[in-house]
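The values are calculated or read from the model by the stated rules, or taken from the named source; none is laboratory data. Computed from a predicted model, the values in this text were never measured in an experiment. For neighbour counting, all protein chains shown are included, and Cβ atoms are generated from backbone atoms with ideal geometry for every residue, glycine included. Just so you know, the surface numbers come from the protein's heavy atoms only, side chains and all, with ligands and any DNA or RNA stripped out. Shrake-Rupley method; radii C 1.70, N 1.55, O 1.52, S 1.80 Å.
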Amino acid sequence: MAEHAEHPAYPVGLRLSGRRVVVIGGGQVAQRRLPALIAAGADVTLISPSATPSVEAMAEAGEITWTRRRYEAGDIADAWYALVATSDPAANEAASAEAERTKTWCVRSDDAEAATAWTPATGRNEGVTVAVLTGRDPRRSAAVRDAIVEGLRDGSLVAPHHRAREPFVALVGGGPGDPDLITVRGRRLLAEADVVIADRLGPRDLLDELPPHVEVIDAAKIPYGRFMAQEAINNALIEHAKAGKSVVRLKGGDPFVFGRGMEEAQALAEAGIACTVVPGISSSISVPGAAGIPVTHRGVAHEFTVVSGHVAPDDPRSLVDWESLAKLRGTLVILMGVDKIGAIAAALVTHGKAPETPLALIQEGTTAAQRRVDATLATVAETVKAHDVRPPAVIVVGDVVNEGPHK
C-alpha cells in the first residue's frame with residue numbers, strides 16, 4: 001500500500017446483511033467493531049482462542065459464531081469482509097496476505113498502511129449515517145464525526161429534506177428554562193418545524209435560533225373568543241397540522257407534568273392527527289437540583305412527592321390530600337404555588353407538619369435570573385411578601401433543604 005499512500009481512500013457503504021464477515025481476534029478492537037457489524041446484519045465468524053467478556057456475551061447470545069482457536073490458513077475463504085485484530089503480528093500478516101489473495105477487503109488494526117480497507121469514524125442520527133476518514137488521524141475523524149452528528153441531533157446543523165416529508169405534531173418538553181436543558185430530540189424537531197406554538201415558560205432563547213420562515217405563535221395570545229384558552233390552542237394545533245404543516249408545541253418542563261399535554265394529545269387523536277410526545281426535564285427535580293437541593297438524600301428523604309399548588313387546600317376544586325401529605329417524612333415539591341403558599345403551609349401545619357420544617361423557594365430556576373429564598377412553614381407567607389417572590393417558582397419542603405453546598 002505504501003506506493004498508493006498519497007491517494008485518498010474511496011468511500012463506500014458495504015451492505016453486509018447475510019454475508020460472511022470474519023473477525024480475527026477477540027480483544028478490545030473486536031469489542032468496539034462487532035456491534036456495528038451485527039447491526040448491519042452480517043454473518044459474523046470470530047476466530048480467537050479468547051475474548052473479552054463483552055465479546056463472549058455476544059457469542060453466547062447467538063449474535064456471532066465463535067471458533068475458539070488461533071487463525072489458520074483458509075479462515076478467510078468466502079468472506080466478503082475481514083477484520084484482523086490480534087496481538088500476534090505474524091498472524092495478522094498471514095491473515096492479511098490471505099485476504100489479499102482472495103480479494104477480500106481487509107482492515108488491520110496493527111498496520112493501517114498494510115490494510116486494503118479502513119474503518120471510518122461512524123455515527124448515526126435519524127436514518128443518516130455519517131462516516132469520516134482523515135487518513136492517519138483517527139482522533140480528528142472522531143472529532144469531525146461527533147461535530148456533525150451533534151449538529152444534526154440538536155438542530156444547529158440543518159439539513160433540509162428534499163423528498164416529501166409527512167407533516168407532524170410534536171408536544172415537546174422544553175425543560176425548566178435554560179435552553180441547553182432541552183433534549184436533543186426536542187431541539188431537532190424545533191429545527192424541522194414550520195410552526196411553533198410556545199408557552200411563556202418554554203425556553204425562549206431557542207426561538208431566536210429558528211429560521212425566518214418558521215411561524216412562532218405565543219400560546220397566551222391565541223384569540224379564543226367563545227373557546228377556552230386550552231381549546232383554542234388545541235384548535236390551532238389541529239388547523240396547522242391539517243394545513244400540512246410540521247407543528248411543535250413547545251412547553252416548559254415536561255408536557256405531561258402539569259402541562260396539559262394529554263389534553264392536547266387527546267384533541268389531536270380525536271381529530272385523527274398523530275402526535276409525538278418528547279419528554280422534557282421536569283422543573284420539579286431540575287430546579288431544586290440547580291439550587292443545590294437534592295429531592296432525595298440518603299438518611300434524609302427516601303421519597304418525594306410533586307403536587308400542584310394552583311388552588312388552595314380549602315378550594316373545592318383541589319384534588320390534593322393535604323392531610324396525608326403532612327404525614328409523609330419525605331420531600332414535598334410544590335409547583336405553581338407561590339400565591340397560595342401561605343394557605344398551603346397553614347394546612348400542612350394544621351395536619352401535623354412541624355412549623356419549623358425548612359422550605360426553599362427557587363424563582364426562575366436554571367436561568368440567569370435564578371434566585372433562592374429560604375424559610376420555614378411558619379415564616380413562608382411573610383417571607384414571600386418581604387422578598388417579593390413571584391412565579392415561576394418551585395417550592396421545596398423538607399429536611400433536604402438543609403443539605404447541599406448552599407448550607
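Placing a label point 7 Å from the Cα of His351 along the Cα-to-Cβ line, the residues of the range 284-307 whose backbone N sits under 19 Å from it are 302-307. When +1 charges are put on Lys and Arg Cβ atoms and -1 charges on Asp and Glu Cβ atoms, the dipole computed for the range 170-266 relative to its Cα centre reaches about 220 debye. How many angstrom lie between the C-alpha centres of the range 45-60 and the range 199-232? After rounding, the separation between the Cα centres reads 54 Å.
Hey, what did the range 344-407 get for relative contact order, percent, Cα under 8 Å, at least 6 apart? For the range 344-407, the relative contact order is 38 percent.
In the chain, one over the average inverse separation of all distinct C-alpha pairs is 25.8 Å, which is the Kirkwood hydrodynamic radius.
For the pair Thr65 and Val12, a Förster radius of 25 Å applied to the C-beta separation gives a FRET efficiency near 0.45, rounded to the nearest 0.05. Largest GNM mean-square fluctuation among Val23, Val196, Val338, using the chain with Cα springs under 10 Å: Val23. Viscosity 1.306 mPa s, temperature 10 °C: give me the Stokes-Einstein translational D for the range 322-407 in µm²/s, with Rh taken as the Kirkwood radius over C-alpha pairs. Once the numbers are plugged in, D ends up at 123 µm²/s.
Per residue, the Cα convex hull of the range 242-289 amounts to 65 Å³. Taking every alpha-carbon pair under 8 Å whose residues sit at least 6 apart, the range 200-255 reaches a relative contact order of 40 percent. Convex hull volume per residue, computed on the Cα atoms of the range 257-407, equals 132 Å³. Legend: residue pairs Lys353/Lys385; Lys221/Lys353; Lys242/Lys340, Cα-Cα distance threshold 32 Å; pairs beyond threshold, Lys221/Lys353; Lys242/Lys340. Springs join every pair of Cα atoms under 10 Å in this Gaussian network model of the chain, and among Gly173, Gly252, Gly127 the largest mean-square fluctuation is at Gly127. Of the trypsin sites (Lys or Arg not before Pro) found in the range 250-300, the ones in coil according to DSSP and having at most 14 other Cβ atoms within 10 Å of their Cβ are Arg298.
Comparing Glu264, Glu323, Glu56 in a Gaussian network model of the chain where C-alpha atoms under 10 Å apart are linked, the largest mean-square fluctuation is found at Glu56. Rounded to the nearest 20, the Cβ-based charge dipole of the chain about its Cα centre (Lys and Arg +1, Asp and Glu -1) stands at 240 debye. Since only Val214, Ala198, Gln230 are under comparison, the one whose Cα sits farthest along the positive direction of the charge dipole of the range 197-288, derived from C-beta charges on Lys, Arg, Asp and Glu, is Gln230. Carbon and sulfur: what percent of the range 234-363's accessible surface (1.4 Å probe)? Ligands and nucleic acids excluded, carbon and sulfur give 55 percent.
For the peptides 282-293, 226-237, 310-321, residues were scored by their other Cβ atoms within 10 Å and the scores averaged per peptide; the highest-first order is 282-293, 226-237, 310-321.
When shorter helices are ignored and each DSSP H run of at least 4 residues is given -39500 (n - 2.57), the per-residue value for the chain at 222 nm works out to -8500 deg cm²/dmol. At a probe radius of 1.4 angstrom, the accessible area of the chain per residue rounds to 54 square angstrom. Across the range 1-117, Cα pairs under 8 Å and at least six residues apart give a relative contact order of 26 percent.
Reported to the nearest whole Å, the Cα centre-to-centre distance from the range 10-33 to the range 317-350 is 59.
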